[in-house]
1. Restricting attention to segment 219-234, which residues are surrounded by 18 or more Cβ atoms within 10 Å (Cβ to Cβ) and over 14 Å from the mean Cα position of the chain (by Cα)?
2. Of the numbered conditions (1) surrounded by fewer than 21 Cβ atoms within 10 Å (Cβ to Cβ); (2) part of a helix (DSSP H, G or I), ALA71 fails exactly one; give the number of that condition.
3. What are the residues in segment 150-172 that are touching a Ser or Thr at 6+ places or on another chain (Cβ under 9 Å) and either closer than 13 Å to GLN103 by Cα or away from the ligand (no atom under 13 Å from the Cβ) (or both), if any?
4. Name the residue that is surrounded by the most Cβ atoms within 10 Å (Cβ to Cβ), counting only residues in segment 78-104 that are of a type in the set (Gly, Ala, Ser) and assigned to a strand (DSSP E or B).
5. Tell me whether segment 189-202 contains one or more residues that are within 16 Å of the ligand (Cβ to nearest atom) and either surrounded by fewer than 22 Cβ atoms within 10 Å (Cβ to Cβ) or of a type in the set (Asp, Glu) (or both).
6. If I filter segment 85-98 for residues that are small (Gly, Ala, Ser) and modelled with pLDDT under 95, do I get at least one hit?
7. More than 19 Å from GLY8 (Cα to Cα) and at pLDDT 95 or above - does that describe any residue in segment 30-39?
Amino acid sequence: MKLAIIGGSGLTHLRNLTVRERRVLRTPYGEPSAPMVHGTVGRGDVIFLPRHGQGHTIPPHRVNYQANLWALKESGATHVIAVNAVGAINGALVPGSLVLPDQIIDYTYGREHTFFGNNPEGVTHIDFTHPYCEPLRQVLRQGATEAGIDLAIGATYAATQGPRFETIAEIRRFERDGADIVGMTGMPEAGLARELGLCYASIAVVANPAAGKAAGEIDLRAIERFLESGMTQVRVLLEHGIPLLYGLTS
Ligand code: HPA
């Protein structure tokens, strides 16, 4: 078993990661967002990959999700914790807080979203009833309890194209569809992970109320502040969750 962490906006490096080496990988799908950082958190082996590149230069619709997932699998990862910044549609979810989503609706388009697009041996379908890996969700849930971190359990993630934020009407539509949070990177990442047989879960960090859910326009500076405090909590959650995942608790 080996854990990979895909860092999102606000998490381009893991401060509590002891780095062993950085590996540049090429894949049949092109280059991943950055070199894979191999190291340990506590005593648990971790591979870290910043989704938007080391300097946060790759926008959500240009991320090479195929190369990223392929490279992690190639590096030996079996489990993936993805960190995703989101806007809150559900008013109970406040900026700066963490959410453990359990469902996804995919509104993205034009992204390479499958490894099975051109299979001469026949059409391949995969089950995606439960898009996130339940055992990994349970570990994160337990880690949050141990760390005393407030983690909202269960939410439907609306994956939107970006990089612009949404209109009020779009958010109303997502809400009618049953979405609680909205973000730009949840798909096709989760689907590709499932295609590769990776056990994948997401920690969503609420950066802002979604468009129309607070007075005025989306406040980009406030987003940065909430992402910073949210990511501090993510680090603490990972510090507690990783030993649980590896059965290293003494
Ligand atoms: N919408 C889409 N993606 C996001 C948002 C949002 O409001 N906040 C952070 N990522």
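The values are calculated or read from the model by the stated rules, or taken from the named source; none is laboratory data. All values reported here derive from a predicted model rather than from experimental measurement. All Cβ positions, even for glycine, are placed from backbone atoms using ideal geometry, and neighbour counts span all protein chains on display.
1. Just the residues of segment 219-234 that are surrounded by 18 or more Cβ atoms within 10 Å (Cβ to Cβ), to begin with: 223, 226-227, 230-231, 233-234.
ILE223, PHE226, GLN233 - these are the residues of segment 219-234 that are surrounded by 18 or more Cβ atoms within 10 Å (Cβ to Cβ) and over 14 Å from the mean Cα position of the chain (by Cα).
2. Against the list (1) surrounded by fewer than 21 Cβ atoms within 10 Å (Cβ to Cβ); (2) part of a helix (DSSP H, G or I), ALA71 comes up short only on (1).
3. As a first pass, look at segment 150-172 and keep what is touching a Ser or Thr at 6+ places or on another chain (Cβ under 9 Å): 150-152, 157, 159-162, 166, 170.
Answer for segment 150-172, where residues must be touching a Ser or Thr at 6+ places or on another chain (Cβ under 9 Å) and either closer than 13 Å to GLN103 by Cα or away from the ligand (no atom under 13 Å from the Cβ) (or both): ASP150, LEU151, ALA152, TYR157, ALA159.
4. Going through segment 78-104, the residues of a type in the set (Gly, Ala, Ser) turn out to be 82, 85, 87-88, 91-92, 96-97.
Cutting the leftovers down to assigned to a strand (DSSP E or B) gives us 82, 85, 87-88.
Values: ALA82: 23, ALA85: 23, GLY87: 27, ALA88: 24.
Applying the filter and picking the extreme gives GLY87.
5. Just the residues of segment 189-202 that are within 16 Å of the ligand (Cβ to nearest atom), to begin with: 189-190, 202.
In the following step, the residues that additionally are either surrounded by fewer than 22 Cβ atoms within 10 Å (Cβ to Cβ) or of a type in the set (Asp, Glu) (or both) were identified as 189.
Within segment 189-202, one or more residues are within 16 Å of the ligand (Cβ to nearest atom) and either surrounded by fewer than 22 Cβ atoms within 10 Å (Cβ to Cβ) or of a type in the set (Asp, Glu) (or both).
6. Of all residues in segment 85-98, those small (Gly, Ala, Ser) come to 85, 87-88, 91-92, 96-97.
The next check asks that each one be modelled with pLDDT under 95; those that pass are none.
No - not one qualifying residue is present in segment 85-98.
7. Filtering segment 30-39 for residues more than 19 Å from GLY8 (Cα to Cα) gives 30.
Cutting the leftovers down to at pLDDT 95 or above gives us 30.
Among the residues of segment 30-39, at least one is more than 19 Å from GLY8 (Cα to Cα) and at pLDDT 95 or above, which makes the answer yes.
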